[in-house]
Every structure is written in structure tokens, then in C-alpha cells.
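J.: Handing you a structure now.
The values are calculated or read from the model by the stated rules, or taken from the named source; none is laboratory data. None of these values were measured; they are calculated from a predicted model. Every residue, glycine as well, gets a Cβ built from its backbone with ideal geometry; the counts of neighbours run over all protein chains shown. Just so you know, the surface numbers come from the protein's heavy atoms only, side chains and all, with ligands and any DNA or RNA stripped out. Shrake-Rupley method; radii C 1.70, N 1.55, O 1.52, S 1.80 Å.
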Amino acid sequence: MSLLEETKLILQRYGIKPRKRLGQHFLISEPVIKREVEHAELSRDETVLEIGAGLGNLTKYLLSKGCEVIAIERDPLLARVLRERFPRAKLRVICGDATRVELPRFDKVVANLPFAISSPITFRLLKQRFKKAVLIYQKEFAQRLIAKPGTRAYSRVSVACYYFAEAKLLERIPRGAFYPPPEVDAALVELTPRRERMHVDEDFFMRFLAALFPYKRKTLRRALAFAAKRLFGEEVEPAIVAKEELLERRVFQLSPEELAQVSEALRRWSTEGLK
Ligand code: SAM
């Protein structure tokens with residue numbers, strides 16, 4: 001029986017209608033699932049976290065590697081399917097919202113993410129300690145995650161992701177690999193957490209990026225004026241926080257390291273009274 005037939009059978013047996021709001025597009029391509037799991041290079045002594053395990057199409061292959069799988073699934077009916085489909089497996093099912101439930105300790109995370117929570121769940125994960133993530137995202141979001149300075153897709157998410165991890169695009173996945181097919185294509189991305197992060201105050205850097213990137217097409221000089229207003233309710237003298245050469249460049253042309261440098265200077269200006 002093909003995975004598509006098996007999926008339809010499970011849906012029918014439990015009377016499940018895939019819920020768009022929860023991003024319920026189930027993987028039905030065995031080659032894609034196998035490659036995703038192979039990229040994770042799992043060993044038997046590892047614990048793998050799966051976010052949004054759905055009916056268990058990916059879970060089944062994760063379990064076949066002999067590792068312990070912890071699956072978080074928001075939909076109680078699907079959580080029940082998971083428990084009943086793999087009753088004697090090394091599987092723990094947590095029924096809840098992955099952006100809120102307490103996350104267990106894990107070595108790797110492998111998932112076909114619900115697109116609506118791609119950003120919050122990615123940054124929640126990146127704040128944990130783990131070895132590797134292999135994740136399926138909506139194509140546009142994946143492009144933003146891996147984007148380099150000076151490109152169209154380079155955004156706040158690219159810089160924030162760079163701060164935590166090295167991101168690599170593994171392959172594009174056509175919408176036909178899912179049932180029901182989503183409206184957009186997807187992509188498989190590998191995230192490897194950095195051993196050494198840039199030396200920058202993390203909290204402030206994230207707030208700084210959020211305040212600056214709405215103006216990413218403006219010069220840093222102009223964008224800083226808006227960002228400082230957003231952050232502190234007052235303007236900053238640009239020359240205090242960045243050199244002329246940087247101030248003349250557009251925000252989307254600045255590397256993560258340059259942005260971190262500006263963020264630190266701005267933070268020091270705001271906290272150490274360099275006004
Ligand atoms: N892993 C399965 C597969 O590949 O066939 C299903 C993937 S489907 C794209 C996303 C799954 O995430 C759905 O089963 C959905 O119910 C679940 N989900 C949606 N929002 C969630 C959340 N906030 N926390 C946990 N699971 C969620």
C-alpha cells in the first residue's frame with residue numbers, strides 16, 4: 001500500500017478532515033521522508049523531537065532508527081492516532097502547543113513544521129541546547145532563513161538565525177509531496193547550532209533587529225533614527241553608534257557581524273548614558 005493510500009485510510013478510519021488552520025498537510029513521499037531522516041544522522045542512543053507529528057508518517061521512519069522519539073502534536077485526535085499507531089514503540093506523545101508546552105531535553109529535532117508557527121517555534125528551539133535540526137518549511141520562509149546580506153530575502157529572520165545557527169538548504173520539496181497539497185512549495189533546511197555565538201547582548205540584539213528591519217531598504221543612518229524612536233522613544237546621534245561608511249549603506253546590505261556591532265554600540269549608548 002502506498003503512503004498516500006495508508007494516509008487516506010487512517011483519515012477515513014478516524015473520521016479526520018485535515019485542518020488547514022493547523023497546517024495539516026501530511027508527508028506522503030517516502031523518498032522525501034527517508035532523505036529527511038538520513039540527514040539527521042540519528043543513532044540509537046539519541047532522543048529526537050518531532051514537532052507536529054500528525055498521523056505519524058515521519059514518526060514511523062524516526063522510530064525505525066531505534067532512537068527515542070518525543071512527538072508534540074496539538075490536535076488531540078491526531079495525538080490519539082499516534083499513540084494507537086505505534087503502541088509499543090519508544091515514543092512519547094505530548095499533546096499540546098509546541099510554542100507553549102515545556103520542551104523536553106532532546107539531541108536532534110526533525111519535523112515537517114506547521115507553517116503558521118515556523119518562526120516562533122524555530123527561535124524557541126534555537127534557544128535550547130541540541131546538536132542538529134532538520135526541518136521542512138514553507139519555501140519562502142526557508143529562503144529567508146538562509147539568505148545572505150545584500151539579497152532580496154535577507155531579513156530579520158536571516159540575521160537572528162545566523163546568530164544561533166548555521167543554516168543550509170538541503171532540497172526543495174514540491175507541494176505534491178504532501179496530502180492534501182499546500183498552496184506553496186516547501187524546502188528542507190538543516191540548522192546546526194553554533195558553538196560560539198557573536199558577542200552581543202542577545203535580548204537587545206533581537207529587539208534591535210525587530211526595530212531596524214522594517215526599514216531595511218533605507219540607509220542605516222535613516223533606519224537608526226526610526227529604530228531608536230521605537231526602542232527608546234528618542235533619537236540617537238548616528239555617528240555615536242556607527243562609522244560613516246556603515247551609516248551610508250542600506251540595512252539589508254549589512255552583515256550580521258556589522259549589525260551586532262551597531263546593536264552593541266546602541267545598547268551601550270542607551271544603558272551607559274553615552275548620550
Ligand atoms: N509530521 C506530519 C507529517 O509530516 O505527515 C504532519 C505535519 S503537518 C505539516 C503539521 C502538524 O502540526 C499537524 O499535524 C498539526 O496538527 C500540528 N500542529 C499545528 N500547530 C501546532 C502547534 N502549535 N503545536 C504542535 N503541533 C501543531
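J.: Under 5 Å between amide hydrogens, which residues at least 5 positions from Val93 or on another chain qualify, with H placed 1.01 Å from N in the peptide plane?
T.: It is Ala71, by chain and number.
J.: Across segment 109-123, in residue order, what do the Karplus-derived ³J(HN,Hα) couplings come to in whole Hz, using 6.51 cos²θ - 1.76 cosθ + 1.60 with θ = phi - 60° and x for Gly and Pro?
T.: Once θ is set to phi - 60°, the couplings for segment 109-123 become 10, 10, 7, 10, 6, x, 4, 5, 10, 3, 5, x, 6, 4, 6 Hz.
J.: Residues of the chain: accessible area per residue at 1.4 Å, in Å²? If you can, show how the numbers build up before the last one.
T.: Working: 13660 Å² over 275 residues.
Per-residue value: 50 Å².
J.: Residue by residue, what Karplus-based ³J(HN,Hα) values in Hz, rounded to whole numbers, does segment 186-196 have, using 6.51, -1.76 and 1.60 with θ = phi - 60° and x for Gly and Pro?
T.: 10, 8, 9, 10, 10, 10, 10, x, 6, 6, 10
J.: Hey, what did the chain get for relative contact order, percent, Cα under 8 Å, at least 6 apart? Mind dumping the intermediate values first?
T.: Values: 453 pairs, mean separation 40.5, N = 275.
Relative CO of the chain lands at 15 percent.
J.: Taking the dipole about the Cα centre of segment 3-193, with the C-beta of Lys and Arg at +1 and of Asp and Glu at -1, give me whichever of Ile136, Leu62, Val157 is farthest to the positive side.
T.: Farthest along the dipole direction, towards plus: Val157.
J.: Shifting gears a bit: Over segment 3-193, with every protein chain in place, what whole percent of the accessible area is carbon and sulfur at 1.4 Å, could you tell me?
T.: Numbers: 4280 of 8900 Å².
Accessible surface attributable to carbon and sulfur in segment 3-193 totals 48 percent.
J.: Shape call for the chain from the C-alpha gyration tensor, a ≥ b ≥ c root eigenvalues: rounded (a/c under 1.5), prolate (a/b greater than b/c) or oblate? The partial results should precede the final answer.
T.: Numbers: a/c = 2.55, a/b = 2.25, b/c = 1.13.
Because a/c hits 1.5 or more and a/b exceeds b/c, the chain counts as prolate.
J.: Got a sec? Charge dipole of the chain, +1 on Cβ for Lys and Arg, -1 for Asp and Glu; which of Val262, Asn112, Phe232 is way out at the positive end?
T.: Final value for the positive-end residue is Asn112.
J.: Another one. List every residue whose amide H lies under 5 Å from the amide H of Asn112, counting only residues 5 or more places away in sequence or on a different chain, with H placed 1.01 Å from N in the peptide plane.
T.: For Asn112, whose amide H was placed from the backbone, the distant partners under 5 Å are Ile51, Ile136.
J.: Ok, one more. For the chain, what does -39500 (n - 2.57) per DSSP helix run (n ≥ 4), summed and divided by total residues, give at 222 nm, in deg cm²/dmol to the nearest 500? Each step should come with its number before you reach the end.
T.: Values: 12 runs with 114 residues, N = 275.
Only helices count here, giving -12000 deg cm²/dmol.
J.: Same structure, new question: Which ³J(HN,Hα) values, rounded to whole Hz and listed in residue order, are derived for segment 133-139 from phi using the Karplus coefficients 6.51, -1.76 and 1.60 in 6.51 cos²θ - 1.76 cosθ + 1.60 with θ = phi - 60°, glycine and proline given as x?
T.: 10, 10, 10, 9, 10, 4, 4
J.: Search the structure for amide H atoms under 5 Å from the amide H of Phe26, placed 1.01 Å from N in the peptide plane, and list their residues when 5 or more places away or on another chain.
T.: Residues meeting the amide H criterion: Tyr179.
J.: From the square roots a ≥ b ≥ c of the eigenvalues of the alpha-carbon gyration tensor of segment 210-260, which class results: rounded (a/c under 1.5), prolate (a/b over b/c), or oblate? Spell out each step's value before the answer.
T.: On the way: a/c = 1.68, a/b = 1.26, b/c = 1.34.
Verdict is oblate for segment 210-260.
J.: Moving to a separate point now. Considering only the other residues whose Cβ falls under 13 Å of the Cβ of Glu248, what net charge follows from Lys and Arg at +1 and Asp and Glu at -1? Can you show the working numbers first?
T.: Values: positive: Lys218, Arg221, Arg222, Lys243, Arg249, Arg250; negative: Glu244, Glu245, Glu258.
With Lys, Arg at +1 and Asp, Glu at -1, the neighbours total +3.
J.: In debye, nearest 20: dipole of the chain around its Cα centre with unit charges on the Cβ of K, R (+) and D, E (-)?
T.: 580
J.: Still on this structure: Counting other Cβ atoms within 10 Å, which GluC sites (Glu not before Pro) in segment 210-254 have at most 16 and lie in a DSSP loop? All intermediate terms of the calculation are to be shown ahead of the outcome.
T.: Details: sites: Glu234, Glu235, Glu244, Glu245, Glu248; in loops: Glu234, Glu235, Glu248.
Passing sites in segment 210-254 are Glu234, Glu235, Glu248.
J.: Let me ask something else about it. Under a Cβ-Cβ cut-off of 11 Å, what is the net charge of the residues other than Asp107 that fall near it, where Lys and Arg count +1 and Asp and Glu count -1? It would help to have the intermediate numbers written out before the result.
T.: Values: positive: Arg105, Lys108, Arg129, Lys131, Lys132; negative: Glu41, Asp45, Glu46, Glu68.
Neighbour charge sum, excluding Asp107 itself: +1.
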